[in-house]
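The values are calculated or read from the model by the stated rules, or taken from the named source; none is laboratory data. Please read all numbers here as calculations on a predicted model, not as lab measurements. When we count neighbours, we look across all protein chains shown, and the Cβ atoms used for this are built from the backbone with ideal geometry, even at glycine.
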Amino acid sequence: MVRLARDGRSIPEPTPVTAPFFKAAADGRFLLQTCPRDGAFFYPRARCPKCWRADWSWAEASGQGKIHAFTIDRIGHDPTQKELAPFVIALVDLEEGPRAVAQIVECEAEAVRAGMPVKAVFDLFQPADGGDPTPILRFRPAA
Amino acid sequence: MGKRAAAIAGVSEWKPARRWDEAMFDLDAFARLGAELIDDSGLDRADVDGFCVVGAREAPALAPSAVAEHLGLRSRFNERVDLGGATPAGMVWRAAAAIEVGICQAVLVMCPAIPRPSQQARDRPQTSSRPVYMGGDAWGSPQAQFEVPAGLVGATPSYAMIARLYMETFGLDEATLAKIAVEQRYNALANPDAIFYGRPITVDEVLASPMIADPLKLLEIVMPCFGGAAVLVTSADLARRARHRPAMISGFGEEMTHRSLTSMPDLLDSPVRGAAARAFAMAGTTPAAMDSAQIYDCYTITVLRSLEDAGFCRVGEGGAFVREHDFRYDGDFPVNTNGGQLGFGQAGISGGMTHVIEAVRQIQGRAGQRQQRKCDLAFVNGNGGMMSEQVSLILEGA
Ligand SMILES: [Zn+2]
């Protein structure tokens with residue numbers, strides 16, 4: 001069952017593995033795990049997906065990226081986000097290499113283009129079950 | 001050519017429906033499908049010594065032993081398969097491989113997709129998980145933390161991103177994708193069991209249907225419904241005693257790299273490539289030799305991309321291939337001749353079985369009005385999730 005914000009939308013529920021990412025994100029910082037052999041990877045996990053070793057370290061990413069692919073979700077396929085549709089869902093290639101998925105904000109849906117440079121933002125949502133405000137990764141057009 | 005160890009000796013497919021009033025538990029559905037497979041094949045119930053299922057909702061754990069017990073089987077091959085839309089095709093090759101190594105001789109491959117009897121009652125039970133999340137709402141799953149909040153839920157937005165990227169990369173136009181839906185609908189008009197039987201569509205109607213996730217429109221997306229389907233996979237020896245022409249399982253391949261589109265190594269290079277290449281090599285044949293292609297079609301773009309990666313044309317040439325060929329059952333390159341899921345309906349997990357069964361029917365000469373003039377070799381592709389689980393089969397008339 002997904003965790004919900006007070007406004008009804010689904011929000012992340014951090015785990016022991018991902019808590020550092022979300023804690024930094026709440027302060028507006030984008031942390032990426034970096035393996036000494038294989039470089040940065042995303043989403044956060046306990047071991048590097050290329051070598052399965054655990055000697056990675058957290059490093060702050062620039063938050064800069066480019067839209068690789070996107071769609072305009074006209075109906076809100078997530079049942080908790082139906083009223084928010086239409087919105088743009090995009091795969092964003094981060095400057096450091098890994099790919100992330102997020103909504104594109106502060107931009108008309110029809111103006112979004114593949115290859116567009118974007119910058120990560122973390123918007124905070126109050127969980128319905130109490131607890132700390134929880135960040136959701138989004139991207140806006142880079143200035 | 002290829003493997004000659006196992007064949008599909010019988011089929012059963014329920015007419016899909018938007019509503020399903022008959023209350024039936026999965027375990028009872030297996031018994032009904034089993035009986036229908038015995039009737040269709042003409043083989044003996046005592047020959048059956050294995051089965052493949054997704055699971056049984058009445059037996060969330062220990063499902064295989066519950067099936068053996070409920071069906072009164074002393075069974076040697078008791079398999080549970082979890083490959084999304086590729087599940088039925090994945091079951092078929094697992095059964096064939098088990099038969100080839102001598103574990104068993106006749107395997108019930110069963111995919112009922114019916115509502116739970118309890119959900120038909122007035123007091124619906126609270127479900128903790130919504131099917132649209134496909135398990136991605138479990139605590140600790142990457143999907144719950146990084147995909148669901150982004151809205152990447154269900155399959156449509158993911159396939160829409162592939163379609164849009166494809167259009168931008170190769171210049172594909174929307175009418176070409178629509179042509180796939182129109183030709184499959186034509187095939188459905190020759191299939192009285194199809195959910196869209198008697199309802200023709202045009203390219204203009206597809207283009208004018210509501211945009212769901214750009215560039216995919218309503219008429220390019222499967223209609224969910226209820227139903228069920230099963231096949232009986234047997235040794236070649238047993239299949240030769242069956243009532244109909246055996247469909248030999250002469251090649252197969254399976255491959256996967258990702259669960260979510262975000263982690264797909266290349267949006268325009270799917271695991272179909274490896275799965276199909278190994279299936280063709282195993283069967284000792286080529287795409288050009290196929291009389292029929294039954295391609296998992298959750299969306300129009302899935303058909304185009306699968307045909308490319310399976311080697312029917314090169315990547316980027318799929319649009320030209322669709323325009324230059326006629327996918328109708330009486331056309332030069334018959335695809336999804338029973339209407340596919342887009343025309344027949346997508347009955348849950350049995351949706352991926354419709355392609356297997358239609359290939360068998362064409363090979364057996366049992367396709368009725370939509371029977372191809374010649375069908376001795378058929379390519380079947382099962383696709384799950386976000387172009388993720390891929391299973392290719394080569395079926396060959398004995
Ligand atoms: Zn590593």
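Some points to look at:
- Residues in the stretch B:151-167 that are within 8 Å of another protein chain (Cβ to nearest Cβ) and surrounded by fewer than 24 Cβ atoms within 10 Å (Cβ to Cβ): B:154, B:156, B:164, B:165.
- Criterion violated by residue A:77 - all others in (1) out of contact with any strand residue (DSSP E or B) (no Cβ under 6 Å at 6 or more places or on another chain); (2) within 16 Å of the ligand (Cβ to nearest atom) satisfied: (2)
- Filtered residue count, the stretch B:310-323, keeping only those that are closer than 19 Å to residue B:165 by Cβ and buried (at least 24 other Cβ atoms within 10 Å of the Cβ): 2
- Residues in the stretch B:145-162 that are farther than 21 Å from residue B:85 by Cα and free of Cβ contacts under 8 Å to residues at least 60 places away in the same chain: B:145, B:149, B:150, B:151.
- Identification of helices (runs of 4 or more DSSP H) wholly contained in the stretch B:44-150 with 1 or more residues that are over 30 Å from residue A:123 (Cβ atoms), more than 14 Å from every other protein chain (Cβ to nearest Cβ) and at pLDDT below 95 yields B:117-120.
- Lone unmet requirement of (1) more than 14 Å from residue A:137 (Cβ to Cβ); (2) away from the ligand (no atom under 16 Å from the Cβ); (3) exposed (fewer than 13 other Cβ atoms within 10 Å of the Cβ) for residue A:70: (3)
- Extreme residue, modelled with the lowest pLDDT, among residues of the stretch B:1-21 that are surrounded by fewer than 18 Cβ atoms within 10 Å (Cβ to Cβ) and not hydrophobic (A, V, I, L, M, F, W, C): B:4
- Qualifying residue in the stretch B:52-74 (condition: surrounded by fewer than 20 Cβ atoms within 10 Å (Cβ to Cβ), under 17 Å from residue B:239 (Cβ atoms) and either touching a residue at least 60 places away in the same chain (Cβ under 8 Å) or of a type in the set (Gly, Ala, Ser) (or both)): no
- In the stretch A:32-63, of all residues being in a strand (DSSP E or B) and within 12 Å of the ligand (Cβ to nearest atom), the one that is farthest from the other protein chains (Cβ to nearest Cβ) corresponds to A:57.
- With respect to the conditions (1) within 14 Å of chain B (Cβ to nearest Cβ); (2) away from the ligand (no atom under 14 Å from the Cβ); (3) more than 14 Å from residue A:122 (Cβ to Cβ); (4) without any contact (Cβ under 8 Å) to a residue 40 or more places away in the chain, residue A:18 falls short on a single one, namely (3).
- Any chance residue B:204 is assigned to a helix (DSSP H, G or I) and either within 30 Å of residue B:366 (Cα to Cα) or over 18 Å from the mean Cα position of the chain (by Cα) (or both): yes
- Criterion violated by residue A:92 - all others in (1) more than 9 Å from chain B (Cβ to nearest Cβ); (2) surrounded by fewer than 20 Cβ atoms within 10 Å (Cβ to Cβ); (3) more than 16 Å from the ligand (Cβ to nearest atom); (4) not polar (S, T, N, Q) satisfied: (2)
- Of all the residues in the stretch A:107-143, those that are among the polar types (S, T, N, Q) and over 16 Å from the mean Cα position of the chain (by Cα) number 1.
- Candidates B:223, B:256, filtered to the one that is touching a Pro at 6+ places or on another chain (Cβ under 9 Å), at pLDDT below 95 and under 22 Å from residue B:356 (Cβ atoms): B:223
- Residues of the stretch B:228-266 satisfying the condition of being part of a helix (DSSP H, G or I), surrounded by fewer than 24 Cβ atoms within 10 Å (Cβ to Cβ) and within 14 Å of another protein chain (Cβ to nearest Cβ): B:263
- Restricting attention to the stretch A:64-89, the residues that are within 7 Å of chain B (Cβ to nearest Cβ), in a strand (DSSP E or B) and either of a type outside the set (A, V, I, L, M, F, W, C) or free of Cβ contacts under 8 Å to residues at least 40 places away in the same chain (or both) add up to 4.
- Of the criteria (1) part of a loop (DSSP other than H, G, I, E, B); (2) within 16 Å of the ligand (Cβ to nearest atom); (3) within 12 Å of the chain's Cα centre (by Cα), which one residue A:29 fails: (2)
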